[in-house]
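For reference, the structure discussed in these notes is given below.
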Amino acid sequence: MKNLFVILLVLSAFCHISTADEFIPLFNGVDLSGWVNVNCAPETWSVQNGMIHCTGLPTGVLRTESMYENYILELEYRHLEKEGNSGLFVHSDPLPVTGKPFTRAIEIQILTDRDTENYTSHGDVFAIQGASMAPWPLHPADWMRSLPQKQLANPTGEWNHYRVESREGTLTLAVNGEVVTRAYHVQPRKGYICLESEGGVVDFRNIRIQELPGTNPPPEVTAAAARGFTSLYNGVDLRGWKQVEGNEDHWQAKDWILAYDGQSEADGEDKHLWTEQEYVNFTLIVDWRLPAKPRVEKVPVVLPDGSTLKDETGEDLTIPVKNAGDSGIYLRGSSKSQINIWNWPVGSGEIYGYRTDASMPAEVRRATTPIQNADNPVNEWNRFEITVIDDTVTVLLNNKLVIDRATLPGMPKRGPIALQHHGDPLEFANIYIKRLK
């Protein structure tokens, strides 16, 4: 008996025996406390009859307020329409990646009525938007996707139970009581948990988690921490933006993309799309893309001090570029404090109204000229992160510093933000703001 006791004691040190009372609910059945609507309309996610109900529109995610590493997660879901699509994201970043409605994460598929050799409706696990994992077994098309070894999911209209176990970069998924899918060397291995809206009308209930001892993984394999941003675009309509006659059907909500055709019929400054609210100090995130077919045009050579290179006659020297259009973002209601969007070799992010103002001090003109060209290739998505504090502006473009604390004399103390009309088609996405003191 003594030896048996020793054996049991040793085993208990290495085995964690789960009990029902160790689980805590992630959903209280009453409201969405503990969850953050990342990029959807307010009505996309609601609580109905003790369930989280998702309309499927727009494409986006609802995430937990907290991050998790090692745990057992359980939930139930049911699709309410045929060929529905949704998902459960784990180890997720807090915001979508540039030009997409999805976060970097590991997705556990919640699909119905669609099964092929390459994907199924029975619990696929795969890496998305820059995450990585080792699938088991290898995928038939060499995707970074693990396919379930049994098809156990119930059909549309019936409830299914998922049990996800995350342990130090290893994931297993049990569907309706049996482990069917596995993934290894998962990165990130700590992050947020998300429910996905992707066109399918779906219900979730009985969402609970049992946290297991963590390892405090290094930043390289940990999701980014939330920084307090809120969305300015809901993917369904233009609530929060000023609606004026002449802008209808030109500025349009097209799921996760806010699209502009460049042809507003409004008067003057009303052609721009303005926020209803005014802002003082803030950080603004905006993804943008110039979708038009590029045309070859000649543009000036802008020097680091903000001046332009001259030819032997004293005129601006111009060089050919592939140009897909021009736009910008107005800060605090001012066209002068405009963050440029274009294809000039000097790069997007310059503050044109100050850079070209000969009455401004030399240090202002230099500071409002981009330090480097950080644009992605023409027609691809880009991300601005613009920080405005008092009379200074800092601009990151695709995570590269292009404007470093430029002082803008005379910039208004507060005002709305505008997406600029410049006669060219534009696409925007992932518009977030954080107010600063």
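The values are calculated or read from the model by the stated rules, or taken from the named source; none is laboratory data. Quick caveat, the model's predicted, so the values are computed rather than measured. Neighbour counts are summed over all protein chains in view; Cβ atoms, including those assigned to glycine, are modelled from backbone coordinates with ideal geometry.
Scanning the stretch 227-238 for residues that are under 13 Å from the mean Cα position of the chain (by Cα) and under 20 Å from THR55 (Cβ atoms) returns SER231, TYR233, ASN234, GLY235. When the stretch 343-359 is filtered for residues that are among the aromatic types (Phe, Trp, Tyr) and in contact (Cβ under 8 Å) with a residue 40 or more places away in the chain, the ones remaining, listed by number, are TRP344, TYR354.
What about THR392, is it in contact with a strand residue (DSSP E or B) (Cβ under 7 Å, 6 or more places away or on another chain), surrounded by fewer than 21 Cβ atoms within 10 Å (Cβ to Cβ) and not basic (Lys, Arg)? Can you show your working first?
On the way: in contact with a strand residue (DSSP E or B) (Cβ under 7 Å, 6 or more places away or on another chain): yes; surrounded by fewer than 21 Cβ atoms within 10 Å (Cβ to Cβ): yes; not basic (Lys, Arg): yes.
It is true that THR392 is in contact with a strand residue (DSSP E or B) (Cβ under 7 Å, 6 or more places away or on another chain), surrounded by fewer than 21 Cβ atoms within 10 Å (Cβ to Cβ) and not basic (Lys, Arg).
Would you mind finding the one in LEU317, LEU309, LEU331 that is aliphatic (A, V, I, L, M), without any contact (Cβ under 8 Å) to a residue 12 or more places away in the chain and in the same structural domain as ALA406 (by TED's automatic domain parsing)? After ruling out the rest, the residue left standing is LEU309.
Confirm whether GLY157 is at positive phi and over 26 Å from the mean Cα position of the chain (by Cα). Break it down stepwise before answering.
On the way: at positive phi: yes; over 26 Å from the mean Cα position of the chain (by Cα): yes.
Against the criterion (at positive phi and over 26 Å from the mean Cα position of the chain (by Cα)), GLY157 qualifies.
Of the strands (runs of 3 or more DSSP E) entirely within the stretch 69-156, those holding at least 1 residues that are touching a Cys at 6+ places or on another chain (Cβ under 8 Å) occupy 85-92, 105-111.
Take GLY191 and tell me if it is in a loop (DSSP other than H, G, I, E, B) and of a type in the set (Gly, Ala, Ser).
Numbers: in a loop (DSSP other than H, G, I, E, B): no; of a type in the set (Gly, Ala, Ser): yes.
Considered against the rule, which asks whether it is in a loop (DSSP other than H, G, I, E, B) and of a type in the set (Gly, Ala, Ser), GLY191 comes out as no.
With more than 16 Å from the chain's Cα centre (by Cα), closer than 21 Å to ASP31 by Cα and of a type outside the set (Lys, Arg) as the only criterion, which of GLU65, GLU76, GLU83, GLU69 stands out? So the residue among GLU65, GLU76, GLU83, GLU69 that is more than 16 Å from the chain's Cα centre (by Cα), closer than 21 Å to ASP31 by Cα and of a type outside the set (Lys, Arg) is GLU76. Pairs meeting the criteria (first residue in the stretch 241-264 and under 17 Å from ASP326 (Cβ atoms), second residue of a type in the set (Gly, Ala, Ser) and surrounded by fewer than 20 Cβ atoms within 10 Å (Cβ to Cβ), beta carbons under 7 Å, at least 6 apart or on different chains) are GLY262/GLY423; SER264/GLY246. The residues of the stretch 274-306 that are out of contact with any strand residue (DSSP E or B) (no Cβ under 8 Å at 6 or more places or on another chain), closer than 30 Å to LYS413 by Cβ and either of a type outside the set (Asp, Glu) or not assigned by TED's automatic domain parsing to the domain that holds TYR354 (or both), listed by number, are GLN277, PRO304, GLY306.
Anything in the stretch 69-84 that is surrounded by fewer than 21 Cβ atoms within 10 Å (Cβ to Cβ) and more than 24 Å from ALA224 (Cβ to Cβ)? List them, or say none.
In the first step, residues of the stretch 69-84 are kept if they are surrounded by fewer than 21 Cβ atoms within 10 Å (Cβ to Cβ); the result is 70-72, 74, 76, 78, 80-83.
Across the stretch 69-84, the qualifying residues are ILE72, GLU74, GLU76, ARG78, LEU80, GLU81, LYS82, GLU83.
Condition test on ASP124, is it of a type outside the set (A, V, I, L, M, F, W, C), closer than 29 Å to SER231 by Cβ, in the same structural domain as THR55 (by TED's automatic domain parsing) and touching a Phe, Trp or Tyr at 6+ places or on another chain (Cβ under 8 Å)?
On the way: of a type outside the set (A, V, I, L, M, F, W, C): yes; closer than 29 Å to SER231 by Cβ: yes; in the same structural domain as THR55 (by TED's automatic domain parsing): yes; touching a Phe, Trp or Tyr at 6+ places or on another chain (Cβ under 8 Å): no.
Criteria not met by ASP124.
Looking at the structure I just gave you, is GLU380 surrounded by fewer than 17 Cβ atoms within 10 Å (Cβ to Cβ), charged (D, E, K, R), touching a residue at least 24 places away in the same chain (Cβ under 8 Å) and outside the structural domain of PRO96 (by TED's automatic domain parsing)? Show your work before the answer.
On the way: surrounded by fewer than 17 Cβ atoms within 10 Å (Cβ to Cβ): yes; charged (D, E, K, R): yes; touching a residue at least 24 places away in the same chain (Cβ under 8 Å): yes; outside the structural domain of PRO96 (by TED's automatic domain parsing): yes.
Spelling it out, GLU380 is indeed surrounded by fewer than 17 Cβ atoms within 10 Å (Cβ to Cβ), charged (D, E, K, R), touching a residue at least 24 places away in the same chain (Cβ under 8 Å) and outside the structural domain of PRO96 (by TED's automatic domain parsing).
Output yes when any residue across the stretch 50-69 is over 27 Å from ILE128 (Cβ atoms) and at pLDDT 95 or above, and no when none is. Yes - at least one qualifying residue is present in the stretch 50-69.
Please state which one of ALA406, ALA358, ALA362, ALA418 is over 30 Å from ALA253 (Cα atoms) and buried (at least 20 other Cβ atoms within 10 Å of the Cβ). So that I can check it myself, show each step before the final result.
Working: ALA358 fails: buried (at least 20 other Cβ atoms within 10 Å of the Cβ); ALA362 fails: buried (at least 20 other Cβ atoms within 10 Å of the Cβ); ALA418 fails: over 30 Å from ALA253 (Cα atoms).
When all the criteria are applied, what remains is ALA406.
Any residue at all in the stretch 164-182 that is in a helix (DSSP H, G or I) and more than 30 Å from ALA41 (Cβ to Cβ)? Before you say what the answer is, go through the steps one by one.
First, pick out the residues of the stretch 164-182 that are in a helix (DSSP H, G or I): none.
No, the stretch 164-182 contains no residue that is in a helix (DSSP H, G or I) and more than 30 Å from ALA41 (Cβ to Cβ).
Tell me which residues, restricted to the stretch 50-68, are of a type in the set (Gly, Ala, Ser), crowded, with 18+ Cβ neighbours inside 10 Å and not in a strand (DSSP E or B). Walk me through it before giving the result.
Of all residues in the stretch 50-68, those of a type in the set (Gly, Ala, Ser) come to 50, 56, 60, 66.
Of the ones still in play, those that are also crowded, with 18+ Cβ neighbours inside 10 Å are 56, 60.
If the condition is that a residue be of a type in the set (Gly, Ala, Ser), crowded, with 18+ Cβ neighbours inside 10 Å and not in a strand (DSSP E or B), then GLY56 is the only one that fits.
Of everything in the stretch 227-270 that's part of a loop (DSSP other than H, G, I, E, B), out of contact with any Ser or Thr (no Cβ under 7 Å at 6 or more places or on another chain) and among the hydrophobic types (A, V, I, L, M, F, W, C), which residue is surrounded by the most Cβ atoms within 10 Å (Cβ to Cβ)? It comes out as PHE229.
Within the stretch 200-216, being part of a loop (DSSP other than H, G, I, E, B) and either surrounded by fewer than 17 Cβ atoms within 10 Å (Cβ to Cβ) or of a type in the set (Asp, Glu) (or both) holds for VAL201, PRO213, GLY214, THR215, ASN216. Among residues of the stretch 297-323 being in contact with a Lys or Arg (Cβ under 7 Å, 6 or more places away or on another chain) and part of a loop (DSSP other than H, G, I, E, B), the one that is surrounded by the most Cβ atoms within 10 Å (Cβ to Cβ) is GLY306.
For the stretch 217-226: of the residues being of a type outside the set (Ser, Thr, Tyr) and surrounded by 13 or more Cβ atoms within 10 Å (Cβ to Cβ), which is farthest from the chain's Cα centre (by Cα)?
Per the criteria, the residue is PRO217.
Note on the stretch 123-151: residues that are free of Cβ contacts under 8 Å to residues at least 40 places away in the same chain, surrounded by fewer than 17 Cβ atoms within 10 Å (Cβ to Cβ) and of a type in the set (A, V, I, L, M) amount to 3.
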